[in-house]
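A.B. asks: Could you have a look at this structure, given as structure tokens, before my questions?
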């Protein structure tokens, strides 16, 4: 007596592209692997560096999102220079392992606090090199960006030359960002540049103590509103899913606190291909893998809005959410294009300031080093 309903259910699942083993498989992501670890000095003088990272992270993500095919991006984060950290670890702390969860990275970034101390560049780089599970893809782009000031060779236990050698052995490029400020010594920057060169990387000097340049545009408000609207297409499931969805909204607030431009660039990133949440969102999982069978998710792992529906109704509900998300992402893409064009004109007026900022340095290095791996970022 249950045969007909079950056939109807199977047909509905197949039609929505969600049935296990019956729907067209999603092509494997052919994009290159890109691993980026940020190592930020959080000693007393680095308040503006951390503030800049909070504002500019999404700009860097959006730059990488232009790459076709979409890269497999993971981001990790370390902080160093805080005397409250372990002395044995060289006052270095891992904030998060390499991950595709950009909301979690942003959460950790916003939780950093400034506290004066010794800055052991060699130690934080060695820790990142040995502690992280770097991509083993042959042509992966593996990057460390270590940002700070004061002499680069403060660490007397770990030798910079040994770290540079280790980086080359692991196929990881170490780039240095020397943060120039009012009390900086003119002889410090060359040491940072020499370390980067030995480690196969590039170096840059930025004026991190200047007010972070944020250019407001007529499109910022609309993008933030679309970002909030997009959140309605995320359906949390499984262990920790509710917390992840709450974190998504929390990081929206953090971006908003950083300013309208930061909120807008986060919205652009959320509408792009690098913002991935299939580990906790059913809609994201279905988009990533149409073979994923949502009817097999245990009721206890579903939110109330799906739990009260019959299996076939759940399929239809998710299908509508997929369509809704794609529509909103299309709107974000359209508005983003207008914002990018507007900013390009405005940036010409502020070029001398912008080129001395953190995101400009990071973008240039990623573009240069990515090109060597066949990763071309369009202008």
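The values are calculated or read from the model by the stated rules, or taken from the named source; none is laboratory data. Values in this document were obtained by computation on a predicted structure and should not be read as measured data. Quick reminder, even Gly has a Cβ in these numbers, built from the backbone with ideal geometry, and neighbours come from all protein chains shown.
A.B. asks: Is there a residue being surrounded by fewer than 23 Cβ atoms within 10 Å (Cβ to Cβ) and touching a strand residue (DSSP E or B) at 6+ places or on another chain (Cβ under 6 Å) anywhere in the stretch 253-273?
C.D. replies: no
A.B. asks: Sticking with this one: With respect to residue 303, is the statement that it is over 30 Å from residue 66 (Cβ atoms), in contact with a strand residue (DSSP E or B) (Cβ under 9 Å, 6 or more places away or on another chain) and surrounded by fewer than 18 Cβ atoms within 10 Å (Cβ to Cβ) true?
C.D. replies: Considered against the rule, which asks whether it is over 30 Å from residue 66 (Cβ atoms), in contact with a strand residue (DSSP E or B) (Cβ under 9 Å, 6 or more places away or on another chain) and surrounded by fewer than 18 Cβ atoms within 10 Å (Cβ to Cβ), residue 303 comes out as yes.
A.B. asks: Something else about it: Does residue 337 satisfy the criteria of being within 27 Å of residue 220 (Cα to Cα) and more than 20 Å from the chain's Cα centre (by Cα)?
C.D. replies: yes
A.B. asks: Another question about this same structure. Here's a check for you: in the stretch 326-376, which residue that is under 20 Å from residue 55 (Cβ atoms) and outside any helix (DSSP H, G or I) is modelled with the lowest pLDDT?
C.D. replies: 355
A.B. asks: Could you check the stretch 227-246 and list, in sequence order, the residues that are within 18 Å of the chain's Cα centre (by Cα) and within 12 Å of residue 279 (Cβ to Cβ)?
C.D. replies: Passing the criteria: 244, 245.
A.B. asks: Further, regarding this structure: Is it true that residue 291 is closer than 30 Å to residue 138 by Cα and buried (at least 19 other Cβ atoms within 10 Å of the Cβ)?
C.D. replies: Working: closer than 30 Å to residue 138 by Cα: yes; buried (at least 19 other Cβ atoms within 10 Å of the Cβ): no.
Here the answer is no, as residue 291 does not meet what is asked.
A.B. asks: When both residues are 6+ apart or on different chains and their Cβ atoms are under 7 Å apart, which pairs have a first residue that lies in the stretch 59-87 and is at positive phi, and a second that is part of a loop (DSSP other than H, G, I, E, B)?
C.D. replies: 81/42; 81/43; 81/91; 81/117; 81/118; 81/119
A.B. asks: Let me ask you something else. Please find, among 316, 323, 305, the residue that is at pLDDT below 95 and not in a loop (DSSP other than H, G, I, E, B). Walk me through it before giving the result.
C.D. replies: Details: 316 fails: at pLDDT below 95; 323 fails: at pLDDT below 95.
After ruling out the rest, the residue left standing is 305.
A.B. asks: Among residues belonging to the stretch 115-149 that are free of Cβ contacts under 8 Å to residues at least 60 places away in the same chain and in contact with a strand residue (DSSP E or B) (Cβ under 8 Å, 6 or more places away or on another chain), point out the one that is surrounded by the most Cβ atoms within 10 Å (Cβ to Cβ).
C.D. replies: Among those that are free of Cβ contacts under 8 Å to residues at least 60 places away in the same chain and in contact with a strand residue (DSSP E or B) (Cβ under 8 Å, 6 or more places away or on another chain), it is 120.
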